[in-house]
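Since every read-out is calculated from the coordinates, none of them should be taken as a lab result. None of these values were measured; they are calculated from a predicted model. Every residue, glycine as well, gets a Cβ built from its backbone with ideal geometry; the counts of neighbours run over all protein chains shown.
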Amino acid sequence: MKTEKFKVSRVSGQPVSDEEMLADLRRVAEIIGASTVSMPKYRKLGKFDDSNLAKRFGTWNNAISKAGLTISNRLLKFTQPSTPAEQREKMTASPDEQ
């Protein structure tokens, strides 16, 4: 009598643990050889919906941080010239002066 081996897989609709989601983020980072994962990249390679990770952990960056990865899109502070003269100066400045 031949015995067949089988693999138990996730039943559709079953809850996914935080650790399963974070482990999948780390898996994708390893596949792409990076210390961070963008939402579009995860969308292509991840097992779960990227918006579910963002919702589960509050934000995408929180999910990345909890997975032990690097947040890469920190907000930068940009300032605009406040007077018309400063605006003209900024527009006519060479790239090295900006």
**Request:** Give me the distance in nm between label points sitting 7 Å out from Cα along the Cα-to-Cβ direction at residue 41 and residue 23, one decimal.
**Result:** 2.2 nm
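Please give the charge dipole size of the stretch 18-66, origin at the Cα centre, charges +1 on K and R Cβ atoms and -1 on D and E Cβ atoms. Round to the nearest 20 debye.
Here the stretch 18-66 has a charge dipole of around 160 debye.
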**Prompt:** What ³J(HN,Hα) values, in whole Hz, does the Karplus curve 6.51 cos²θ - 1.76 cosθ + 1.60 give for the stretch 58-71 when θ = phi - 60°, with x put for Gly and Pro?
**Reply:** x, 8, 4, 4, 5, 4, 4, 5, 5, 7, x, 9, 9, 7
